Amino acid sequence: MTEESVPADPAAIKDCCAAAYGHDAVALVLGESYHPGGRALTRTLAEKLGVTEGEWVVDVAAGPGDTARLLAHEYGAHVEATELNADTVRRARVATEQAGLTGWVRFHSADAERLPLPDGMFDAVICECAFCTFPDKPVAAGEFARLLRPGGRVGIADVTVREGGLPEELASLAGWIACVADARPLSEYAALLSRAGLRVEHTERRDGALREMIDTIDARVRLLRMTVPDRLEALGVDVDAVLEHTRVAAEAAAEGVLGYALAVARKP
């Protein structure tokens, strides 16, 4: 697949990925943070972006809103968070209200390729472990650039692949849901941002974060199988299939086929 190509049915892919990450089974397995490195790596990305008190930040594909709330609570940012799945947005709003951050964080049910936010109004855009799932990455990168004021920054943290692509087992729709099937080399992410008119200032490999997350998922699923098998069954979790995916992903990560990285760029 080339940089400019789009899967045959991008709408179906978007809906499937959004629904998957909004599923209770995913929350059970992943907990609060849906990306490698968890909150620690979110803080690293926020610091690389230079997020400061009073700035306006967009969190694209925000999931249940953990990053958006962290940016508001710890950095004093005003956050506009977007997420495609309406049920996930509703849960994120409830959690944000319970955290007392409603005045700081707003959630929008929105496609990352058509963000309902004004041009040139934001200091920073952040997107964690989601850019690789967007069918039309050039359009999404263009949306990031559109939202930023001059001097604004964009930071992505995402799954990467080695040149040559993925094992066949991970290049299926199940791989899209696992946030890897259309992942690109770090150099391609940087090129996509550059083509959107952004100046890439920093890239950083964090492959260990992905390996740790795969190991954590594997261990958590095995523990849940022992302790709450009925709950897994009720949620429709195919434990053997999940463990097979983690096995293949762990092998790919150990061989350097899969990795994780940060990229930060600035709008001139």
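The values are calculated or read from the model by the stated rules, or taken from the named source; none is laboratory data. Treat the numbers as computed from the prediction; the structure is a model and nothing was measured. Each accessible area value is taken on the protein alone, full model and side chains, heavy atoms only, with ligands, DNA and RNA left out. Shrake-Rupley method; radii C 1.70, N 1.55, O 1.52, S 1.80 Å.
At the residue level, TRP56 shows approximately 110 square angstrom of accessible surface with a 1.4 angstrom probe and all protein chains present. Taking amide H as placed 1.01 Å from N in the peptide plane, HIS202 has its amide H under 5 Å from the amide H of VAL264, each at least 5 places away in sequence or on another chain. Accessible area ranking (1.4 Å probe, heavy atoms, ligands and nucleic acids excluded), largest first, for ASP136, ASP158: ASP136, ASP158.
Note on the range 201-243: with neighbouring protein chains present and a 1.4 Å probe, carbon and sulfur make up 51 percent of its accessible heavy-atom surface. Legend: P(r) of the range 115-231 from all alpha carbon pair distances, 5 Å bins from 0, whole percents, reading 2, 10, 17, 20, 16, 12, 9, 6, 4, 2, 0. Per residue, the accessible area of the range 58-150 comes to 36 Å² when a 1.4 Å probe rolls over the protein heavy atoms. Any idea what log10 I(q)/I(0) is at q = 0.11, 0.21 Å⁻¹ for the range 65-161, Debye with uniform C-alpha scatterers and no solvent? One equal scatterer on each Cα of the range 65-161 leads to -0.32, -1.17.
Extension gain, ARG90-HIS202: 0.36 nm per intervening residue step, less the Cα-Cα distance, totals 36.9 nm.
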